[in-house]
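Structure first, then comments.
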Amino acid sequence: MKIKSAEFLKSCTSSEQFPEFEYPEFAFFGRSNVGKSSLLNMLLGKKDLVKTGSRPGVTTMINFFIVNDNKSFVDLPGFGYAKLPAPMRKKFMPLIKEYVQNRKNLKLAFMLVDIRRTPGDYEEEIIAFLTDREIPVAITITKSDKLSKNQRAKRIKEIETSLGVSSDSIFLSSATTGEGKRELLSLITEMSQTSSRTD
């Protein structure tokens, strides 16, 4: 898949604001500061299309982007950041679940995991919620450039064990080096051909 165009569409705080279209949709989930925005910019070949910040919790709404005029990429709020106000934290998970329930054209969910962190209850809850609705999940390990080759292999095994997934479901990526871009875009192309949910 070659990115020819990418543009921001809108930010939403409730399902009533979600855009209506039949484009195949790809959503990016993960903890605050896991590198969602940086990964999206890397995939789209844009330096700052998706806003990034040094302070965790920058993404507080669901952001929709239109890619090549025929696909939708979605940046979900980062979850699990303790320093965010409690009312905002409590709103995130229901909003994320509301998104999943309402998007019949959602083809694939990317669950981002920082290679230096061990996934926990947040990741497990969202993965279970997605798989219960038969939405494929690609575990995408971010910031892979931060560790040596041997350290990476060890952490991948630990993440596989923590989430109970096989290596087939895991993709390495780095927004700094561009690692994983080709593989992730190829996966998006492949999944674009699958049929939409009817539930």
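The values are calculated or read from the model by the stated rules, or taken from the named source; none is laboratory data. Everything numeric here is computed off the predicted structure, so don't read it as measured data. Neighbour counts run over all protein chains shown; Cβ positions are idealised from the backbone, glycine included.
In table form, for the structure just shown:
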{"read-out": "Top-ranked residue of region 49-90 - restricted to ones that are over 19 Å from residue 120 (Cα atoms) and among the basic types (Lys, Arg), ranked as modelled with the lowest pLDDT", "value": "55"}
{"read-out": "Test result for residue 186, within 27 Å of residue 24 (Cα to Cα) and out of contact with any Ser or Thr (no Cβ under 7 Å at 6 or more places or on another chain)", "value": "yes"}
